[in-house]
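Okay, structure first, notes after.
The values are calculated or read from the model by the stated rules, or taken from the named source; none is laboratory data. Computed from a prediction, not measured in an experiment: that's the story for all the values here. Because the Cβ atoms are built from the backbone with ideal geometry, glycine has one as well, and the counts that use them run over all protein chains shown. Side chains included, ligands, DNA and RNA excluded: accessible areas come from the protein's heavy atoms. Shrake-Rupley method; radii C 1.70, N 1.55, O 1.52, S 1.80 Å.
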Amino acid sequence: MKTRLLGMTPEELRTAAEAAGLPRYAAGQMARWLYVRKARDIDAMTDISREGRLRLSGMYEAGVSGYSDVQVSSDGTKKYLFPVHGLLGRDVSRGADGRNAPVARTEAGAVEAVMIPDRDRATLCVSSQSGCRMGCHFCMTGRQGFHGHLSAADILSQFIAVDESDSLTNAVFMGMGEPLDNYDNVKRAIDVLTADWGFGWSPKRITLSTIGVIPVLKKYLDECRCHLAVSLHNPFSDERLSMMPVEKAWPIRDVVGLIRRYDFSGQRRVSFEYTMFSGFNDSKRHADALVRLLAGLECRVNLIRFHRIPDFPYVPSPDAVMENFRDRLSRAGITATIRASRGEDIMAACGMLAGRHKDTSR
């Protein structure tokens with residue numbers, strides 16, 4: 001397989017240019033074609049000589065992977081299927097139990113990305129892994145197991161290949177996978193998205209969601225200025241553990257303790273995602289415990305309606321219960337909102353991505 005240019009830094013592109021016998025300034029040309037003009041083929045880079053393009057394409061490829069299928073919801077949400085090849089498997093990142101979890105290299109897989117339109121916004125929900133090894137019981141991605149990490153090129157391909165590429169306003173790393181379990185590739189993709197030589201996005205346009213992988217979360221908070229969303233779902237440790245194995249390695253109280261060490265009073269924001277299950281985590285007792293856990297922290301709580309998935313016994317909380325829960329948080333001084341459900345009819349809502357819908361060539 002040829003090396004992919006997508007995801008390379010200017011210095012790495014200079015090395016690629018020199019390897020192909022091109023002048024060093026060709027790196028800037030390649031960066032503009034990849035990240036500004038979003039070229040999908042080296043032959044499109046027409047300000048590089050034909051001979052230079054031939055030499056370059058003999059060693060490299062642009063690296064954009066197109067989608068193979070798209071589904072459109074009645075509310076306008078679109079779910080894209082991306083086949084990915086050469087998934088990255090063996091590493092020293094950690095699973096839900098906190099232990100090193102090397103896995104065998106996987107050769108192929110599929111991931112989904114979701115484009116959510118909302119008036120003047122177009123938000124792309126991006127995947128960072130095929131499957132997930134965190135094992136949250138209520139998440140279809142987590143229940144399918146782990147198949148491999150996406151490369152930075154496969155992450156960036158989701159931004160380039162969707163039909164709305166030129167009109168995207170925001171991105172959330174909330175698709176398939178735990179972004180901090182694939183931090184090196186996610187960080188590289190974010191660097192490309194926010195660099196002047198890359199997409200030129202403001203970090204304020206990007207939110208990364210995590211269940212709280214504490215050692216890597218600290219790196220993210222130190223190195224990135226993008227927003228943070230934490231999957232909380234229950235303020236009681238024993239109840240959270242019954243659904244989220246990560247609670248054993250990195251308790252939510254410790255995650256919140258780490259976040260308190262950082263300043264979220266400015267432009268960078270932190271929010272907590274709270275999926276509501278009827279009779280499990282939607283009582284006044286839970287609301288009051290959540291208030292105590294987050295007291296004094298500049299944050300937002302997003303209440304999420306649970307979307308039913310096969311072979312899972314819990315059901316969504318009634319609307320009135322969710323509204324009362326929101327109001328109880330608000331009265332205690334915590335900003336809380338009920339997130340609108342989008343794309344449920346095409347299995348594109350929170351916790352429903354599985355990369356399994358029909359793969360048709362495009």
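Restricting region 276-297 to residues that are touching a strand residue (DSSP E or B) at 6+ places or on another chain (Cβ under 8 Å), assigned to a loop (DSSP other than H, G, I, E, B) and closer than 17 Å to THR337 by Cα, which is least open to solvent (accessible area, probe 1.4 Å)? First the steps, then the outcome.
First, pick out the residues of region 276-297 that are touching a strand residue (DSSP E or B) at 6+ places or on another chain (Cβ under 8 Å): 276-278, 281-282, 290, 294, 297.
The next check asks that each one be assigned to a loop (DSSP other than H, G, I, E, B); those that pass are 278, 281-282, 297.
Add one more test, that the residue is closer than 17 Å to THR337 by Cα, and what stays is 281-282, 297.
Values: ASN281: 0, ASP282: 24, LEU297: 27 Å².
Of everything passing the filter in region 276-297, ASN281 is least open to solvent (accessible area, probe 1.4 Å).
Determine whether ARG300 is within 25 Å of ALA340 (Cβ to Cβ), touching a residue at least 60 places away in the same chain (Cβ under 8 Å), surrounded by fewer than 20 Cβ atoms within 10 Å (Cβ to Cβ) and of a type in the set (D, E, K, R). No: the conditions fail for ARG300. For first residues located in region 116-132 and at positive phi, partners that are part of a strand (DSSP E or B) and among the aromatic types (Phe, Trp, Tyr) and lie 6+ apart or on another chain with Cβ distances below 9 Å form the pairs GLY131/PHE146. Taking the criterion of being part of a loop (DSSP other than H, G, I, E, B), within 25 Å of PRO203 (Cα to Cα) and open to solvent by less than 10 Å² (accessible area, probe 1.4 Å), the residues of region 129-162 that qualify are LEU150, VAL162.
Give the residue that is farthest from CYS136 (Cα to Cα), with candidates limited to residues of region 248-281 that are acidic (Asp, Glu) and over 20 Å from the mean Cα position of the chain (by Cα).
Narrowing region 248-281 to residues acidic (Asp, Glu): 254, 263, 273.
Restricting the remaining residues to those that are over 20 Å from the mean Cα position of the chain (by Cα) gives 254, 263.
On the way: ASP254: 19, ASP263: 29 Å.
Among them, the one singled out is ASP263.
Across region 1-20, the number of residues qualifying as buried (at least 20 other Cβ atoms within 10 Å of the Cβ) and not in a loop (DSSP other than H, G, I, E, B) comes to 4.
Being modelled with pLDDT of 95 or more, in contact with a Gly (Cβ under 9 Å, 6 or more places away or on another chain) and open to solvent by less than 30 Å² (accessible area, probe 1.4 Å) is true of SER317.
Suppose we keep only residues that are in a loop (DSSP other than H, G, I, E, B) and not acidic (Asp, Glu) within region 298-309. Which one would you say is modelled with the highest pLDDT? Write out each step before concluding.
As a first pass, look at region 298-309 and keep what is in a loop (DSSP other than H, G, I, E, B): 298-299, 306-309.
Still in the list and also not acidic (Asp, Glu): 299, 306-309.
Numbers: CYS299: 96, PHE306: 91, HIS307: 85, ARG308: 81, ILE309: 78.
Ranking the candidates gives CYS299 first.
Residues of region 227-257 that are within 30 Å of ASP191 (Cβ to Cβ), open to solvent by less than 10 Å² (accessible area, probe 1.4 Å) and out of contact with any Phe, Trp or Tyr (no Cβ under 8 Å at 6 or more places or on another chain): HIS227, MET244, VAL246, ILE252, VAL255, VAL256.
One residue alone among LEU208, LEU217, LEU228, LEU193 is touching a strand residue (DSSP E or B) at 6+ places or on another chain (Cβ under 7 Å), within 22 Å of LEU34 (Cα to Cα) and aliphatic (A, V, I, L, M), and that residue is LEU193. Just one of (1) more than 20 Å from the chain's Cα centre (by Cα); (2) open to solvent by 10 Å² or more (accessible area, probe 1.4 Å); (3) under 17 Å from ASP154 (Cβ atoms) fails for LEU88. It is (1). Within region 47-71, residues that are closer than 30 Å to GLY343 by Cβ sit with their Cβ atoms under 7 Å from residues that are β-branched (Val, Ile, Thr) and surrounded by fewer than 17 Cβ atoms within 10 Å (Cβ to Cβ), at 6+ positions apart or across chains, in these pairs: SER68/THR360; ASP69/THR360.
So, PRO23, is that one open to solvent by less than 60 Å² (accessible area, probe 1.4 Å), in contact (Cβ under 8 Å) with a residue 40 or more places away in the chain and either farther than 25 Å from LEU150 by Cα or of a type outside the set (Phe, Trp, Tyr) (or both) or not?
Values: open to solvent by less than 60 Å² (accessible area, probe 1.4 Å): yes; in contact (Cβ under 8 Å) with a residue 40 or more places away in the chain: no; either farther than 25 Å from LEU150 by Cα or of a type outside the set (Phe, Trp, Tyr) (or both): yes.
Spelling it out, it is not the case that PRO23 is open to solvent by less than 60 Å² (accessible area, probe 1.4 Å), in contact (Cβ under 8 Å) with a residue 40 or more places away in the chain and either farther than 25 Å from LEU150 by Cα or of a type outside the set (Phe, Trp, Tyr) (or both).
So which of SER74, SER57, SER65 ends up being open to solvent by 10 Å² or more (accessible area, probe 1.4 Å) and more than 23 Å from LEU124 (Cα to Cα)? Reasoning before the result, please.
Numbers: SER74 fails: more than 23 Å from LEU124 (Cα to Cα); SER65 fails: more than 23 Å from LEU124 (Cα to Cα).
Checking each option against the conditions leaves just SER57.
Residues in region 258-267 that are surrounded by 14 or more Cβ atoms within 10 Å (Cβ to Cβ) and either modelled with pLDDT under 95 or of a type in the set (S, T, N, Q) (or both): PHE264 only.
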